[in-house]
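The values are calculated or read from the model by the stated rules, or taken from the named source; none is laboratory data. On a predicted model such as this, the values are computed, not experimentally measured, just so you know. Please note: Cβ atoms are built from the backbone with ideal geometry, for glycine as well, and neighbour counts cover all protein chains shown. These accessible areas exclude ligands, DNA and RNA; they are computed on the full protein's heavy atoms, side chains included. Shrake-Rupley method; radii C 1.70, N 1.55, O 1.52, S 1.80 Å.
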Amino acid sequence: MAMNFGLMYLPLFPTLGIDRHDPLILFGDIAMETGIRNASPCTARDCKWPKSRNGVVPVYISSSYTLEERDIIIKGLISFHLSTCIQFVWWKQDQDYLYFHPGNGCWSYLGRRGGQQVISLQQCGCVHHVTVQHEVLHALGFHHEQNLSDRDNVTIVENNNLMTPYDYTSVMHYGKYAFSKDYGKLPTIIPKPDSNVQIGGARQMSRLDIVRFNRLYYCSFI
Ligand SMILES: [Zn+2]
């Protein structure tokens, strides 16, 4: 695993998908449907996945992945079973489900969209434990950790509304040089008050990521 987590799974700049069927990508890796009607669906309805006794999220993993890649994705999903009350189950004709697909880059929609919901994990560069957790957290309603409030009208969960401290170690935190034109020299995110603090180096969900998740989904056991 390279140290430069921020660029490990993110394109250098917000991009328009290469394929005409690809969604618009904002904030590095958050997919948006093009068209005003769908521009901000999460402001109009609850984008959490529904809970019964426990949250249940059907998933389907594209057969294009190798067994090794499939295993990494499954282990990423199981990590949620071990630390939260969400449960991923194999898709069985369910209406709403997550579809892991090797598209262009690593990206995910924000919150439950309804129907087949793609999480793109490109085979070259995206199939890593930390990236699986990151993109799944987007799909389950979490935005990036850093404050995007001044340019963010699509957030459905302001992570810090969940009453946890700002978390530099969050798996949802960009690296210091994310989107930088000169990687390693021109930081785009400078932590305060200590500009040398390590950010964006997460290899898995932090303790606070898990706390937030369990608060959002009302997991009672943690
Ligand atoms: Zn992201």
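Couple of notes before you dig in:
- FRET efficiency estimate (nearest 0.05) - Cβ-Cβ, residue 92 to residue 196, R0 41 angstrom: 0.25
- Contour excess over end-to-end distance, with Cα ends at residue 67 and residue 203 and 0.36 nm allotted per residue: 46.8 nm
- Distances between placed amide hydrogens fall under 5 Å for residue 118 paired with 99, all partners being 5 or more residues away or on another chain.
- Other-chain or far-sequence residues with amide H under 5 Å of residue 56's (modelled H): 87
- Probe 1.4 Å, accessible area per residue of the range 73-132, Å²: 40
- Inter-probe distance in nm under a simple model that places probes 7 Å from Cα toward Cβ, at residue 220 and residue 166: 3.6
- For the pair residue 78 and residue 185 in one chain, pulling the backbone fully straight at 0.36 nm per residue adds 34.8 nm over the alpha carbon distance.
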